[in-house]
Every structure is written in structure tokens, then in C-alpha cells.
Amino acid sequence: MMLRLVLALSLLSFASAPAEARLVEAVASFTVLADMVHQVGGDRVQVTSLVGVNGDPHAYEPTPDDAKRLKSADVVFVSGLGLEGWMDRLIKASGFKGRPVVASTGLQPLRMQEDGRQVADPHAWNSAANGIVYVQNIVAALSAADPDGAASYRANGDRYVNELRQLDTEARQRIGAIPAARRRVLTSHEAFGYFAAAYGVTFLSPVGLSTEGEASARALAGLIRQIKAEKVQVYFLENSNDPRLVKQVAAATGAKPGGVLFVESLSNPDGPAPTYAAMFRGNVDKLIAAMER
Ligand SMILES: [Zn+2]
């Protein structure tokens, strides 16, 4: 009797499957990446971000709920290049059987010196051209996880790539029109290496590639001297980390506040950076306004 009931139920769910197909459950490490997955996945994909809005993806501490989310995920996305130092342990603890998709795969990493070691700069998405590489990897990964949705992911991805290509071109043209000597700003930590390389802006910052690093008194004094010598006029805060150090440096140099940049975390949906594209566009607008002062 019991067996027949179970069989009947499973037939029923099989019969209704095409009409209301189960959503693909995706998990992304942080909000910027989660939005990209959402843009490509559309209404076929339910995506959750582990790090929340305004959260710091370097210094994140995973919760037991995160492990549960991972375990039931169909596909897991990380940005890679050393951003999510906490992810390997979480995946092991969660029992997730797959391997995370590294969305930065295939792009040219920037190498930098940090504490005497060569490390990759993880903030690749801050160039919109790199964002396109992320999108292509997401299209491929979602298509592999859900072949029935491949055409939809391809169409969403193509539309999204066009939008990012336009943002990239506009940023290049608008920033390129500003005299090179004025293209210098002060920010909290080194999150704009790829932006700097792509669009020709010099960023100075008191903290290194990871927000977990600490600046020595000597390094700070050197930075303050450099800012004065290069006449850097404007400083920015970041939505996802501690503003005290950059404010202190700014106060010592006379640099004026330029607002808040969104470097590695989106805002709430009703805030100024609810999506990756909005975040990129907003950063470009604020940086240009500061450099044109
Ligand atoms: Zn960072």
C-alpha cells in the first residue's frame, strides 16, 4: 500500500515536471557575482549570495546556513584569484560534491607584490571587459548544469555582454578625455588595479589587496608624502570596509571627500548600486566628477 502510494506520487511529480520545472539552485560567493548569475540565469535560476550586501568578501565568516545552502546547490560560483580565502573550508564542511565554477577563469590576472610575495589581484570585475569574461563563464556553467536552459542563458548572456561592452567603451572614452595628470584618487584599499589598468586612472590606498592587511606607520607616512607631492585632491570611502584609515590619511593631506565607491559589494536593491552594471556606472561617474574638480 505504502509502496503504491509512493510510486503514484513520484509518477505525479514526473508528469507535472515539464510544466513547472524546478529552478536551478545557484550559490555565489558575493553579491557582485550573484547579480551576474542572476542576469544570465533569469527566471530559471534561484541564486543566493553567501556574503550579503555591503559585506566584505575577503574577511567573511561563513555560517552554518551557508553550509546548508552549498550542500543543496546545483552550481556554486566563486570569483577566484584568491578573493574567497574562506571558501575551500566551507565547501569541505558543507559536503557539497561538485567543484565551484571559477568565474574569472581565462582572464589575464594582474600580479602584485604584497608583503614581499607575488600575489594575484582578485578584484578583476572592476574592469567591465573582465566582467564580460565572467558572464561567458557563467553562461557555460549554467548551460552545463541545465542544458534545457542553454538557449535562454545564451540570449541573456549576449544581451548582458553588449551592455557591459558599452559601459567599458564609455568609461574608456570619458576617462580618456580627462588630462592624465588629473586622473589620481585616494581610496581605502587596492581594489581598483584592473580598473586602473583598463581606464588609465592612478589609485593610491593605505591598505593592500585584502582588507585584512594592515598598513605600517612608515607606509602611511610614505603614502601621505606621495599624495601631497602628486597633489591628489579627492578621497573615496568604500561601502564594504572600515573608513577610518583613509579618512586619517585624507585629513593629513587635505584631500576632500568624493563619496562612496562600491568596489566588491552591492548595495541594497533600493540603494545606489543594486547591480554590477549600476555599481560600475556609478563608480565611473563619481571618479570622473572627482577628477574634473
Ligand atoms: Zn578587496
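Miscellaneous remarks
- Pick from region 57-77, criterion under 15 Å from residue 263 (Cα atoms) and crowded, with 21+ Cβ neighbours inside 10 Å, ranking: nearest to the ligand (Cβ to nearest atom): 58
- Matching residues, region 116-128, being in a helix (DSSP H, G or I) and either in contact with a Lys or Arg (Cβ under 8 Å, 6 or more places away or on another chain) or of a type in the set (Asp, Glu) (or both): 128
- Residues of region 160-191 that are among the polar types (S, T, N, Q) and more than 16 Å from the ligand (Cβ to nearest atom): 162, 166, 169, 173.
- Region 235-266, residues that are in contact (Cβ under 8 Å) with a residue 60 or more places away in the chain, away from the ligand (no atom under 16 Å from the Cβ) and not β-branched (Val, Ile, Thr): 250, 255, 258
- Taking the numbered list (1) away from the ligand (no atom under 16 Å from the Cβ); (2) farther than 21 Å from residue 125 by Cα; (3) in a loop (DSSP other than H, G, I, E, B) in turn, residue 225 passes all entries but (3).
- For residue 114, the stated conditions do not hold, so it cannot be described as free of Cβ contacts under 8 Å to residues at least 60 places away in the same chain and acidic (Asp, Glu).
- Taken over region 207-240, the criterion of being within 22 Å of residue 60 (Cα to Cα), of a type outside the set (A, V, I, L, M, F, W, C) and at pLDDT 75 or above is satisfied by 238, 239, 240.
- Any hit, region 281-291, residues being among the charged types (D, E, K, R) and within 16 Å of the ligand (Cβ to nearest atom): no
Yes or no, residue by residue, for (1) within 20 Å of residue 47 (Cα to Cα); (2) crowded, with 20+ Cβ neighbours inside 10 Å:
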residue	(1), (2)
97	yes, no
107	no, yes
150	yes, no
154	yes, no
179	no, no
191	no, yes
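- Between 195, 203, the distinction of being closer than 25 Å to residue 36 by Cβ, assigned to a strand (DSSP E or B) and within 16 Å of the ligand (Cβ to nearest atom) belongs to 203 only.
- Residue match in region 168-185 (condition: free of Cβ contacts under 8 Å to residues at least 24 places away in the same chain and in a loop (DSSP other than H, G, I, E, B)): yes
The values are calculated or read from the model by the stated rules, or taken from the named source; none is laboratory data. Just so it is clear, the model here is predicted, and its values are computed rather than measured. Note: ideal-geometry Cβ built from the backbone for every residue, glycine included; neighbour counts use all protein chains shown.
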